[in-house]
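Take a look at the structure set out below.
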Amino acid sequence: MSGWSWALRRGRKPGGTAPENCESTDPTGGPANGTASKEHSSGSGLFTDADADADTDAAADADSDAGPTPAVVSVILVIVILGFAFEPGVVLPRPAAVPMVLLQLAICLPATWRLRGAWTLAAQALLTPWSGLPGFLGASVLLVVERPVRWALFTVVVLAAGPLAPGDGSVHSVLNGIGNALAHGLILYALTRLTDLYAELRTTRGALARARVTAERERAGRDLDAVLGTALAEITRLAGQGRRAAEELVRVARAATERVRAAPPTQSADGADNPFGALAPRLVWPIVVATHLEYLVVGTTFLLGAGVRGWWFVAYATALAAVVGLQAYHCLPRPPGVCPPYVAWTLGVQLTLALGMLAAPDGPYPQLMGFAAASVLIVLPGRTAWPAAGALTALVAIAMLLWPDGPAAPGTALLLLDIVVIALVFYGIALLTGLVHQVREARGALAALAVARERRRIARDVHDLLGCGLSAIALKGELAVRDPDRERADRHLADAAALADRALADLQAIPGEIQKITLAEEVASAREVLAAAGVVVLVRGGLEAVDGRSEALFATVLREAVTNVLRHAAGARRCEVNFGPGLLRVADDGRAVPRLAWGQEGRAGAGGNGLRNLRERTAALGGVLEAGPAPHGRGFVLTVRLESARVSAVG
């Protein structure tokens, strides 16, 4: 564009950048709803479902896609490039501008970014003197050349644009050429970088979530080893010391069991999650300042060159500075959904001054309406903004056509195009900056959601897989303390050491989600552990009735059921385990009253997480878990039915 020069000696210079849009200005429906999950205070280093629930709720909206596709966003960039290039005296009389525009599109668009390189830059350098578009070369220098040389070369291109600018060689003509190259280059660079960043953030959202989950697993492994691995190693050491250390072994096992059963929330270290953190604001701020300063300098020079003096110069320069300054204020990056403070006043003043310049005594100064239209698009709701911007553009057309010395219809149309490009440039950068922030927020929220899900899984596995082993270790230690026979006591301690080794293996597998739990092993373990507690285990139905889909779930449920028999089934002497297609039923004859809390949907009691974990595992396979006192009043019954169940509960 020719900047502040046009047929009626009225001009402007396109450019600028913009803030994170106010919530209502985003045509895609506002900023992303997903926000990073709120963390909780740290505790022993284990996990709880409550912690995972809070994180999941906070990030629940992050699964929805944020913003338009990169292809839609690229349309903004295409419109701005074509708007900068379309002007009498450039495209038609200068055919070199056509390949210049095509090269610029290839360099700027995400779909063709691989074409950026030395050859495209060299081709544009050759075309620049004949294309009249030195700003395009400046933008390409910033996009292709490495730091710090890029800014030195960009400065050379901008300064060289002054002598190459069309006109009479006056100060205004030279400054207008320099200003055009500066603004075009910075704006296209900003739009391209924002578009690239938007596309990159969208395509790497899953990568961030995977990286966060990996980091969470590593942290969980360290915490689990520090809290439970140390306890299990201590149990093994105490078991090797014989009966004199049996009471201490029981104490350590009981303490570890309580930590597994009622662990406080943990805090996840997902701090520096986003390598793109402040890139968009850091990119936008200097370009906002530079382009608006350029407008002020070129505009003031135009007023002086046009012969405006005295109070009229003061009035026009003040209006120019106020309109451009308020535009910069409206454009500064802000978080999505946050409008500039006092925006009703600042927008009102800007509109008043821009409209007033249409009624200037020596003819309208319409380019300031481009700034006002941009502010309207940035700060007003979409349903209001576009009609309002259209109305402002129509007012410019009316003023031009009614002015006696005004241009004809073709000249007015070109002037309106100039104003539309100004508005779209500022609004486009504002929109893209907001979209980058939106995708960054959604990206972080998706990662937080993935971490919350992983935390839930680890918490569930710690509870379900280690609870039984620790309870069995404590039982073996108690038997060793009570048994007067030294040989049997030593065997109990040897069993405790073996159980500790098994629990340690489970502990090491949990963070990696590679733990293998088989039903046959769990049945054998249930017989051994419950027999040591004086409980007879009866297995009915045969393991062959259980398919591979059900095995891992049934093994986990059985392990938790055995744990609760050990912990809560006072006086139990018998435990029946019944298998069928898609069916598992575990019933004991212990006193039911102490375990009522365990059967209340996991809402009460120290063991409340156990039933909730099992319900979640069962629901994930489309099944139902039922738990409660036995019908005859003594004992407790736990039943799991999957959708594939073809038989009723046995017994």
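Nothing in this text is a laboratory measurement; each read-out follows from the coordinates by a stated rule. Given the structure is predicted, the values throughout are model-derived calculations rather than measurements. Here the Cβ is made from the backbone with ideal geometry for all residues, glycine too, and neighbour counts use every protein chain on show.
You can think of it this way: the chain between Glu521 and Glu626 has 35.4 nm of extra reach, that is 0.36 nm per residue less the Cα-Cα gap.
Relative protection proxy for 174-183, 241-250, 450-459, 403-412, from highest mean packing down: 174-183, 450-459, 241-250, 403-412 (other beta-carbon atoms within 10 angstrom). Site pair Ala509 and Val289 shows an inter-label distance of 5.9 nm when each label is modelled 7 Å from Cα along Cα→Cβ.
In what sequence do Asp588, Asp547 fall when counting other Cβ within 10 Å, fewest first? Spell out each step's value before the answer.
Working: Asp588 29, Asp547 12.
Exposure proxy ranking, most exposed first: Asp547, Asp588.
As a calculated quantity, the FRET efficiency between Thr214 and Ala255 at R0 = 25 Å, using C-beta atoms, amounts to about 0.25. Averaging sequence separations of C-alpha pairs under 8 Å and six or more residues apart, then dividing by the length of segment 370-513, give the relative contact order as a whole percent. The value is 20 percent.
Taking the number of other C-beta atoms within 10 Å as the exposure measure, put Arg502, Arg440 in order starting with the fewest. Could the numbers behind the result be given before it?
On the way: Arg502 17, Arg440 25.
Taking fewest neighbouring Cβ atoms as first place, the list is Arg502, Arg440.
Taking other C-beta atoms within 10 angstrom as a stand-in for reagent exposure, Phe554, Phe154, Phe371 fall in the order Phe154, Phe554, Phe371, fewest first.
In terms of packing, defined here as the mean over residues of other Cβ atoms within 10 angstrom, the peptides 474-480, 142-148, 572-578 line up highest first as 474-480, 572-578, 142-148.
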